[in-house]
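Scroll down for the structure; my scribbles are underneath it.
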Amino acid sequence: MKIKVSDAMLNVLLAATAIGILFMEYSNKSPKFMLASCAVVMILGLALTWSRKKLTAWIICPVIFFAIGGLRFTAVDTLPGNDISKFEGQEIFLTGVIRDEPQIKVWANGTTQVRFIVDAQSIKLNGSDCEISGALFLNNYVKPNEEVTTGRIGDKIFASGKVKLIHNYNNPGQIDTVTRMKADGITARMSSSQITIEEQDGNFWTKFLRIIAAIRAHYRESMATVMSSEDAAAIFAMLFGGYSGLNPELVEDFQTTGIVHILSVSGSHMSMLAIAVSSVCKTAKIPRLITFFFGIFVIGTYSILSALLPQVVRSGVMGALVFLAKTLNAEAEGARLLTLTAMAMLIYQPLLMFDVSFQLSYTSTAGLMYLSNDLKKLMERLPKFVAEAGSMTIAAQLASLPVVIWYFNQVSLSSVLANVFVMPFLGWVIVGGLLGGIIAAVIPILGKIFFAFEAILFGIGAEINRFFANLPYSSVQVPTLGFSAGFFYYIALITRRPIILSAIVLSIAFGIIRGGGELEVSFIDVGQGDCTVVKTPHGKCMVFDTGGVRDKAFDVGGRVVLPYLKHENIWHVDKMFLTHVHDDHSGGAGTVIKKMPVDEIITAGEPLSQYAAIFGIAEEKLTNVRAGQKGEIFTVDGVDVEILFAPNVGKDNEISNVYRIRYGDVTFLITGDLVKENEAQMLSEGIDVSSTVLKVGHHGSATSSSDEFLRAVNPKCAVICVGYGNNFGHPRAEVLERLENLPTRIFRTDTDGLVKFKTNGKHLSVDTFND
């Protein structure tokens, strides 16, 4: 008996699987509750549709796959009791096995960071040995002039240190690194200054991975001898993935033109290799079926060279499906296989549902399958190569648009130009780069000549792309598309109903113009630092401090603060207030200032040269920066900001300005790193510090938040901006005790994530990211 499942049914089953995963993630319901609910729905469905068998299948089958998705998520998301993450906060001695090639990075101060991915085997805790499971990131920091130890895949590694969890910056729109790593079995991290590596022979698979690693190293070394380190890093990234050593300006240009995916192994790589194979086979008049199998062989080989990482395998599968559809004119079969593949991936690893790379891969590939042919017909009057590249680019963009907007709030209008004129260069760079490594292994001098030509070809492509990136409106910033708008967008795309798209655009525009009618004060999670974003009732914006990391190891301004502002549909900062010049308060300001208009910047009393240095902006260009004075009041859209305290320049954190935000009867006190001595000075001067909400001074350090000061503020709520697992012991227990004794409601960005207050000037409500 044949069972035929329609395309529509397959897509419904995929949707049901995904919804089951989402239900278990966000509903906090038990598997028993879900199974009971599914059973009730199935019984009701059978009772109502008993005489109509086809309708029964449309009810029963989706419920079954809903249950499968939910149960699989529960099984994968629940970690075993001996997982390495269960030992969070404990000092251990670790024994494990190196899973992947160590990643090496040299910081500006000369320190070398070696990052290992280690499959944990056992730990010694309190003198006892116990077997454990799971994997972790192990960071080894080596001082200048000391020997760097790396090791090989499969070698044993021994290290001691404190176990910490992998931690996101928990703000809306931020990429979920924790879940993405968990999908790869990595659930913790640890730093150690001393490691020991014991060489192992390894099994067949380990030896195979070492050969692949050696081949990759051969490519890296061959390129490094004939081209600049930045060009070598870019071409290596295009061949095998990885952002190490890339020029930030190059990455930004590629992001602007919408082709940044070329710098990591993606479905586009697989498609380009397959297209190159197809062109050669077509010239040689080889039959399509043989061409298809040869293309699949090339994609498989390339996936192996890229170490068969999970994201590489996914890209290979997606690329193979597109190649199947285009080579054999089998779009319908390709679309069905895409649905089945996505369903199998989600059932096998439900955490992929929250992986941005999977979301983009699936939606882009679906766009190529379902939309590209229709778009190509609309472009039939254009030259063939333009119509082909343009239709595929637009199809992929249209299908992935809600995902791109959610995470990046940017749409590239130059991507068609980049795909038509730049991608051919980069495609040949990839194909030529792979050939160059083979040539260099056989005839080294010829390999050097080949790679030198590769560098020239890449340079031409990069310059053309830079030209497109600098065109007016090369990319446009767009407001965040919420879940409901995204849902109706896909309905419009599937049903080809432009009227629905128009309604979505108008509703978003109306929401932005109208404003929320309330003041929003958001204490965002920037790790061990402070950042407060104020959005007025009519959409004006003020920013208080911008977070930052010492030694510029991570651009908090560009990768945390700016994405949050864009996600909140903020494209212009009216005023920026900085409490003092330290990295963890002002380190992120430079990127925000460079990327977004900022009308005025109010600082503490340090010299302008210090702010210029930390911003990375020439002093003469900071014409909108000035030191604030005690007693000044700034009014933006009915919201007042008063400088309560602006001390003379002192030592360490003593310079912190204190700002109070007032809207109606509700006030917020921003204290920076104010120390007890200055708290006492404010009280002795008779300054009224009473406030509804207190941003606790110095991340909850014992140097701040005296009992007298806290009682004078008498806040209803207190927010501690603090980094998870920080090395300073913040917040201190005695500070928490004093806050609890007030009493006040305490929020912490390390545990609550973003803390957002809303007020109409009388009533106050609060939400946190981790609620």
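The values are calculated or read from the model by the stated rules, or taken from the named source; none is laboratory data. Keep in mind the model is a prediction, meaning the values are calculated, not measured. Note: ideal-geometry Cβ built from the backbone for every residue, glycine included; neighbour counts use all protein chains shown. The area values use the complete protein model at the heavy-atom level, side chains included, leaving out ligands, DNA and RNA. Shrake-Rupley method; radii C 1.70, N 1.55, O 1.52, S 1.80 Å.
Out of curiosity, is residue 711 of a type in the set (Lys, Arg) and either touching a residue at least 40 places away in the same chain (Cβ under 8 Å) or within 30 Å of residue 90 (Cα to Cα) (or both)? So residue 711 fails the test.
Within the range 398-425, being farther than 30 Å from residue 456 by Cβ and either outside any helix (DSSP H, G or I) or open to solvent by 50 Å² or more (accessible area, probe 1.4 Å) (or both) holds for 398, 406, 408, 409, 410, 411. Is one or more of the residues making up the range 172-179 aliphatic (A, V, I, L, M), open to solvent by 20 Å² or more (accessible area, probe 1.4 Å) and touching a Lys or Arg at 6+ places or on another chain (Cβ under 6 Å)? Within the range 172-179, not a single residue is aliphatic (A, V, I, L, M), open to solvent by 20 Å² or more (accessible area, probe 1.4 Å) and touching a Lys or Arg at 6+ places or on another chain (Cβ under 6 Å). For residues that are in contact with an Asp or Glu (Cβ under 8 Å, 6 or more places away or on another chain) and either at pLDDT 95 or above or among the acidic types (Asp, Glu) (or both), tally how many sit in the range 653-672. Of the residues in that region, 7 qualify.
Scanning the range 117-134 for residues that are closer than 18 Å to residue 184 by Cβ and open to solvent by 70 Å² or more (accessible area, probe 1.4 Å) returns a single hit, 121. Scanning the range 261-279 turns up at least one residue that is modelled with pLDDT of 70 or more and outside any helix (DSSP H, G or I).
Screening the candidates 157, 153, 166 for the property of being more than 29 Å from the chain's Cα centre (by Cα), open to solvent by less than 50 Å² (accessible area, probe 1.4 Å) and aliphatic (A, V, I, L, M) yields one hit, 157.
Of the listed requirements (1) in a loop (DSSP other than H, G, I, E, B); (2) open to solvent by less than 30 Å² (accessible area, probe 1.4 Å); (3) at pLDDT below 90, residue 148 misses just one: (2).
Filtered by the rule that a residue be among the acidic types (Asp, Glu) and in contact (Cβ under 8 Å) with a residue 40 or more places away in the chain, the range 584-611 gives 584, 606. A Cβ distance below 7 Å, combined with a sequence gap of six or more or placement on separate chains, defines the contacts here; from the range 161-190, residues that are closer than 16 Å to residue 567 by Cβ reach residues that are acidic (Asp, Glu) in the pairs 168/176; 169/525; 170/525; 171/525. Out of everything in the range 372-391 that is open to solvent by 40 Å² or more (accessible area, probe 1.4 Å) and aliphatic (A, V, I, L, M), what residue ends up being nearest to residue 493 (Cα to Cα)? Across the range 372-391, the extreme among qualifying residues is 378. Taking the range 219-246 as the range and being β-branched (Val, Ile, Thr) and surrounded by 22 or more Cβ atoms within 10 Å (Cβ to Cβ) as the test, only 235 passes. Based on this model, can you work out whether residue 254 counts as under 18 Å from residue 361 (Cβ atoms), modelled with pLDDT of 80 or more and open to solvent by less than 20 Å² (accessible area, probe 1.4 Å)? Taking the combined requirement at face value, the residue satisfies it. Scanning the range 191-232 for residues that are closer than 30 Å to residue 164 by Cβ and in contact (Cβ under 8 Å) with a residue 24 or more places away in the chain yields a count of 16.
The range 699-767 holds helices (runs of 4 or more DSSP H) entirely within its bounds, and those carrying 2 or more residues that are open to solvent by 60 Å² or more (accessible area, probe 1.4 Å) and farther than 20 Å from residue 561 by Cα map to 707-713, 733-740.
Within the range 292-312, restricting attention to residues that are among the small types (Gly, Ala, Ser) and at pLDDT 75 or above, the residue that is surrounded by the fewest Cβ atoms within 10 Å (Cβ to Cβ) is 300. When the range 147-161 is examined, which residues are found to be of a type outside the set (Val, Ile, Thr) and out of contact with any Ser or Thr (no Cβ under 8 Å at 6 or more places or on another chain)? If the condition is that a residue be of a type outside the set (Val, Ile, Thr) and out of contact with any Ser or Thr (no Cβ under 8 Å at 6 or more places or on another chain), then 147, 151, 152, 155 are the ones that fit. Across the range 180-207, the qualifying residues are those that are open to solvent by 40 Å² or more (accessible area, probe 1.4 Å) and part of a helix (DSSP H, G or I), and the one among them that is farthest from residue 756 (Cα to Cα) is 204.
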